[in-house]
Amino acid sequence: MSTFNINALKDKSLDVDPDLRFMALEDFRKGLPAEKANTPNQAIEAFIPVLFRLLKDENSYVQNSAVKSFEPIIGFISDKALIKMVQGLFSLAVIDQSDSTRGLKSFTTSIPTMTLKSLLNSPILLDKKDVCRKIMEFVLPKTKELSVTIDVVEILADLTKNLSYVLVKDEIYNLLVYLLDLIVNHKGIISKRSIASFEYLFKYVKDSDIKTKILTLIQRVSDVLVKFQLYSIAFKNKVSVNDKLVQDVFGEVVQALDINQSSIDLDDFDYDSLVELNIIREQSLTLLADMLDILTPFYDKVFDIIFHFLSFNPLQRDDLDTFIDSDDDIDFEDEEEIEDNFGDDDNSWKLRLKSCEILQLCISESSLFFPKLSQSLVSKIPVDDTNDLVSNEALKTFISIASTFSTSDDERFTYIKSRVSGILQIKSKIGQFPTLFALIKEMNRFQDGTIISDTFSSFKSLTINSRGASEYLSFYNSVLDTYVREGALSNSTVDFMANDLISALDEKGISVLTEIMRTLKKLLKNPNSIFICNDLVVELKVALLSKVSNARTYSSDFIQNCIDVVAVLATTIVKNDVEIVDVLWNCLSNEILSKTSLEALLVIYSSESTISGAISLSELSRLISKGDESTYILALDLAYLVIPKTTLSTDDIIDVILRRKGENDIGRIFAVLNLIFVQGRMSPKYLQEIIEFSISLVNSGTIKIDDNSFFEFIGNVSRAQSDLFFDLSQHLNFNLESSSKALAIVCVGAQLNNEIEKAEQLFLQQADSFLFSIQFLGYVGKYIPFKNISALDFFKLLNNVNDEATKEAIAVAIGNFTLKNITEGLDILLENFSATDSKNSIFLITSFRLILPDCTKEQLESIWKKVWSETKKLPFDHSVCLQLRSIGDLLGDIVVQHNVLVYSILEKYGDNTISEFNFTEIYTISVVLKQLINKLDNSEESLSILEKLIRISAYWTDLLSIDIRQLVIGNFLTALHTIPSIVLCHLQSLILPQLYKQLSAEEKFKKIISMGPSKYILDEGLEIRKLTYEFLYALLSFANETLTQYNISLYEIGINIVNKGLKDEQVDIIVLACINIINFLNNHEQEFVDIILSGDGEILISIIGSLKKSLDKKLSDKASSQETENHQERMKAVTKSSKRLARSIDTLQCILPPAAELAWSEYIVNLKTKYSIYYMSSEDDYSK
């Protein structure tokens, strides 16, 4: 060991002074390396005998330190030394038991046992499987030979808890039998700890035969309490049982509960017997809860049991009180204590509490129990129980019941609401308010404002001061999130919240203050905040500004939260407040608070505020210059808002913008510079530098064609500086479209007609700068007419050039010309669209899209008709799809602006009577639908249009076109994600039957491709099937309630996945089918189980056959890397889906048909043995 001398530590540990021995151990532990060593450390191993010696030290502090020193060294010693150390500790723990105890059993664990327990619970040891196996082989046989002591059972408990994974089936069974013997034949702590060991070990039992044998042994246990504890362990681990055993166990539970006992016999009353009986009853109820999922046939009796024990309190009776107090001659030393014992300690409160818990389980696990939630049962729930634990659990039960309500008109809702109001009036119940809040949150679903009014009225009468308690803040947040309509909260409610939160601002905890600020922010943003009284508003403002002004007293996070709240306050309730604005401007000088203050000031100045305040452009300049990227952006935005509000010099702002030369926020930079220039506040010395800066930005490609603030600035400068064109033309890169646009805007602004005419000549001559001329003239033509050319020249040119970039530039130019005079230009554009070759007319779509925002409805109709008429002429094949997508996008944008145009489509295809389809038209309509799904608003008319188009397009999945089918199904999927209602209403009757057809491979979509001497079958329909499975996956993610509402058959979905997906020839489809099965089980487990059980198990057998076939497919020796990857993906998917399916089937084996159960058992055994690598490596997380 490098940090100390081991020999020196040995000497120190043997010193007569216990303090030195103690320090030696402390130094030893501190000196251990920080990380586990790759090789054993012999120096540490040499210190182990010293540790053993010090375990026997007479000084307790030394002993305790020695105990702590064993576990940390596990990672630094050899496995052999570790095993020897464990054996030595075990021997010390059990050595000479008879001599040391003299025939008496100890009630505490020994020092060696405590040490050994620390080793057995070490994560490092648990990773050493071979070591754990040898430890078990050494310890287990010896424990059975020794007399049973606390030490033995404690060691057994840790062995079974942590090391049982190394045991084989027979060893587990034998150890369970041994533990059962300990449980049955011993009492007290030994029996209890043995039960704990039994429970730890039982989790590792996977063999159903062993579970059955153990259950048989449990049935023979005579002690009812112990038997029920063991039954609970078995049922919690989902042991399979037959109906007869369930009936027998339930019968024993009912008998033990003895709910028919009408009264206590006062002449033969034994309090101790009652306590013992109630202990058994408590365990009986625990067992009832653990086996609840298999008690469906007995729910009526379960209901009776719950009903009985919800109010069970046998000692709370007047005649019993008379019995207890009848003998006046007896002088009790502590009569109050005895009365308390009779009132509280008979364990009956545990039965009431357990009944509440069982009722919650019934509600959460089975809808069959909902009809039994009668008013009489609800009124039995002990919310006013004298025991706080019981009354708190009763409130939780109310929460479970409230979750089942579908309307606030339910009489049980009214009853619970009245009980809530009653509890709120009781000061002694304040401790239960947090649970009560959860109940109120659940009931708030119906936005019954009386609950909230009553709650806050009670708060006021009880003078509640939350002091920022998280439960109250969470409740306030819930109320504010729920009641967002103005007038939904009363004045007194918002006043109480505001006053309570203001009072809590004096709390010291930073985390508490942070949550208070978040709640305050939410309160101020709530529309009902306008009802907060003025005095409280002033008090809040003063409190917040005081804290912000004294920022050094608080943490920076808290002050930032304060500033956020101040900004909300200034834009909601306290508007145009100079004091707030001035405080925030002062905060800009604080580096930590500057960003938050900028954000706050932006919020304030962005509102309709006319306030100016103590504006500091110099401080903004500093932040623009030195701030990080986000601070820089915020400072620019704020500068743009406040410059018009002040007459201060803007030179510093310009200077730091030029010095920083930011290239990521061109829009903000030039918005500020343009504002300064337009206001005449830009010094001439900066203008030339800005122009040079602009040139560099254009030439570097930083300026994009849609950077409008830059081009607006250039245009404004051009009108004031006539030589700007010369500067730009000498330095700009003419190969960039942004250069063309900049020069065009300058020419127009400066009225440089000569330069425009030169460009016209270059265009006519098609000289070297031909592309530049087209772009330049295109942007010029947006504003002024030409002398020597016209738009027709551009249309002609479009048909005469071959370069696509040039064609695109021509289309943009045509669009710009048209914008100058849409009325005249549109006619020309429409006429030439018809006359232009189809391969070139596609470029004119760009022209149309440029002018759409400026078109009238009549003009939109003209474009719609013309584009449709030309589009229908296009012959359909895969090569034209890209062109049709561009056209469809245009038509979709037109419908977004003028939706009546789509009715012509609805009229033509609405009745589905067309016998011959124009594939070009149908594909284009599908593209239009895709656009509309993403862009139409959610108005009733828009949703109606979309719903009709979805219905119409469903029939197109029968058309013999891969491109159309993919687009249609893709639209279904997009709509299901974004506007599900328009798809769900047609699913069961129309869309799903059409989609089920897509799940089978179609021969007409298969092509044979020759690859050398081999032939390969290309399944072009694969993508359609993949898209369909993606749709089904999304559909299966919907809640059961939603699918039921639209009568969607989960059975049909499951059958199609099983019968088609699992049997598909393509690996991708098999994988997707497995993923869908997992998703099905995760979201609708019971429904998939119903599918498994249908047809006398034939469907499960079919599933097994398909899965087995996929597993048994061999990989060729000459397989490519892609084929190998596909093979592994299929194996993983099949294994993972099988494991997920097994999780459901394991709980249902008792009702599986015999043939299906046998086939499944054989399949799982085969999967675990033959494909163990995939089985062990597959994840148990089925969410993906």
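The values are calculated or read from the model by the stated rules, or taken from the named source; none is laboratory data. None of these values were measured; they are calculated from a predicted model. Here the Cβ is made from the backbone with ideal geometry for all residues, glycine too, and neighbour counts use every protein chain on show. These area figures cover heavy atoms from the full protein model, side chains too; ligands, DNA and RNA do not enter into them. Shrake-Rupley method; radii C 1.70, N 1.55, O 1.52, S 1.80 Å.
Let me spell it out: the conditions are (1) in contact with a His (Cβ under 6 Å, 6 or more places away or on another chain); (2) open to solvent by 30 Å² or more (accessible area, probe 1.4 Å), and S696 meets all of them except one. Which number is the exception?
If we test S696 against (1) in contact with a His (Cβ under 6 Å, 6 or more places away or on another chain); (2) open to solvent by 30 Å² or more (accessible area, probe 1.4 Å), just (1) comes out false.
Conditions: (1) assigned to a helix (DSSP H, G or I); (2) open to solvent by 20 Å² or more (accessible area, probe 1.4 Å). F228 meets all but one. Number of the miss?
(2)
For the range 145-152, indicate whether the set of residues that are closer than 20 Å to A81 by Cβ and of a type in the set (G, A, S) is non-empty. Working first, answer last.
Quick first cut of the range 145-152, residues closer than 20 Å to A81 by Cβ only: none.
No, the range 145-152 has no match at all.
Looking only at helices (runs of 4 or more DSSP H) that fall completely inside the range 609-679, which ones have 1 or more residues that are under 30 Å from I573 (Cβ atoms)? Before you say what the answer is, go through the steps one by one.
Working: elements: 617-626, 629-642, 651-660, 666-678.
Filter on the range 609-679 gives 617-626, 629-642.
Check off (1) part of a helix (DSSP H, G or I); (2) crowded, with 22+ Cβ neighbours inside 10 Å; (3) touching a residue at least 40 places away in the same chain (Cβ under 8 Å) for K396 and give me the number that stays unchecked.
(2)
Determine whether N840 is in a helix (DSSP H, G or I), at pLDDT below 90 and not aliphatic (A, V, I, L, M).
Numbers: in a helix (DSSP H, G or I): yes; at pLDDT below 90: yes; not aliphatic (A, V, I, L, M): yes.
So N840 passes the test.
So which residues in the range 1073-1107 are open to solvent by 40 Å² or more (accessible area, probe 1.4 Å) and aliphatic (A, V, I, L, M), if there are any at all?
I1075, L1093, I1101
Which of the residues spanning the range 206-225 are open to solvent by less than 40 Å² (accessible area, probe 1.4 Å) and either out of contact with any Lys or Arg (no Cβ under 9 Å at 6 or more places or on another chain) or under 26 Å from D151 (Cβ atoms) (or both)?
Residues of the range 206-225 open to solvent by less than 40 Å² (accessible area, probe 1.4 Å): 210-211, 214-215, 218, 221.
Answer for the range 206-225, where residues must be open to solvent by less than 40 Å² (accessible area, probe 1.4 Å) and either out of contact with any Lys or Arg (no Cβ under 9 Å at 6 or more places or on another chain) or under 26 Å from D151 (Cβ atoms) (or both): K211, I214, L215, V221.
Identify, please: which residue in the range 6-41 is of a type in the set (S, T, N, Q) and either within 47 Å of the chain's Cα centre (by Cα) or surrounded by 14 or more Cβ atoms within 10 Å (Cβ to Cβ) (or both) and is, among those, modelled with the highest pLDDT?
So in the range 6-41, the residues of a type in the set (S, T, N, Q) come out as 7, 13, 38-39, 41.
Narrowing further to those that are either within 47 Å of the chain's Cα centre (by Cα) or surrounded by 14 or more Cβ atoms within 10 Å (Cβ to Cβ) (or both): 13, 38-39, 41.
Details: S13: 86, N38: 56, T39: 61, N41: 79.
In this case the residue turns out to be S13.
For E539, only one of the following conditions fails: (1) more than 24 Å from S470 (Cα to Cα); (2) surrounded by fewer than 18 Cβ atoms within 10 Å (Cβ to Cβ); (3) without any contact (Cβ under 8 Å) to a residue 40 or more places away in the chain; (4) in contact with a helix residue (DSSP H, G or I) (Cβ under 7 Å, 6 or more places away or on another chain). What is its number?
(1)
If you take the residues of the range 122-146 that are over 18 Å from L176 (Cβ atoms) and of a type in the set (D, E), which of them is surrounded by the fewest Cβ atoms within 10 Å (Cβ to Cβ)?
Per the stated criteria, the residue is E145.
Name the residue, out of L829, L764, that is touching a Ser or Thr at 6+ places or on another chain (Cβ under 6 Å) and among the hydrophobic types (A, V, I, L, M, F, W, C). Steps first, please.
Details: L764 fails: touching a Ser or Thr at 6+ places or on another chain (Cβ under 6 Å).
That would be L829, the only listed residue that is touching a Ser or Thr at 6+ places or on another chain (Cβ under 6 Å) and among the hydrophobic types (A, V, I, L, M, F, W, C).
Of the residues that sit in the range 611-663 and are at pLDDT below 90, small (G, A, S) and over 19 Å from N590 (Cα atoms), which one is most open to solvent (accessible area, probe 1.4 Å)?
S612
Yes or no, residue by residue, for (1) of a type outside the set (V, I, T); (2) over 20 Å from F1005 (Cβ atoms); (3) assigned to a helix (DSSP H, G or I); (4) in contact with a helix residue (DSSP H, G or I) (Cβ under 8 Å, 6 or more places away or on another chain):
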site: L891; (1), (2), (3), (4): yes, yes, yes, yes
site: V896; (1), (2), (3), (4): no, yes, yes, yes
site: E921; (1), (2), (3), (4): yes, yes, yes, yes
site: I925; (1), (2), (3), (4): no, yes, yes, yes
site: L932; (1), (2), (3), (4): yes, yes, yes, yes
site: I964; (1), (2), (3), (4): no, no, yes, yes
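Considering the range 1108-1140 alone, what residues qualify as being over 23 Å from E1162 (Cα atoms), open to solvent by 90 Å² or more (accessible area, probe 1.4 Å) and assigned to a helix (DSSP H, G or I)?
Within the range 1108-1140, S1121, Q1122, E1123, E1125 meet the criteria.
Which members of the range 399-420 meet the condition of being open to solvent by 30 Å² or more (accessible area, probe 1.4 Å) and assigned to a helix (DSSP H, G or I)? Don't jump to the end; show me each part of the working.
Start the filter on the range 399-420 by keeping residues that are open to solvent by 30 Å² or more (accessible area, probe 1.4 Å), which leaves 399, 403-404, 406-412, 414-415, 417-419.
Matches in the range 399-420: I399, E411, R412, T414, Y415, K417, S418, R419.
Of everything in the range 898-917, what is touching a helix residue (DSSP H, G or I) at 6+ places or on another chain (Cβ under 9 Å) and assigned to a loop (DSSP other than H, G, I, E, B)? Give them in sequence order.
Result: H898, G910, N912, I914, F917.
What number of residues within the range 483-521 satisfy the criterion of being at negative phi, assigned to a loop (DSSP other than H, G, I, E, B) and not aromatic (F, W, Y)? Talk me through it step by step, then tell me what you get.
Initially, the range 483-521 is screened for residues at negative phi, giving 483-486, 488-521.
Narrowing further to those that are assigned to a loop (DSSP other than H, G, I, E, B): 483-486, 488-490, 505-509.
Those left that are additionally not aromatic (F, W, Y): 484-486, 488-490, 505-509.
Matching residues across the range 483-521 total 11.
So for the range 302-314 (the condition being modelled with pLDDT under 85, open to solvent by less than 70 Å² (accessible area, probe 1.4 Å), more than 30 Å from S240 (Cβ to Cβ) and of a type outside the set (S, T, N, Q)), does at least one residue qualify?
yes
Cβ-Cβ distance below 7 Å, separation of 6 or more or different chains: which pairs start in the range 904-916 with a residue that is at pLDDT 85 or above and end on one that is open to solvent by 20 Å² or more (accessible area, probe 1.4 Å)?
L906/K948
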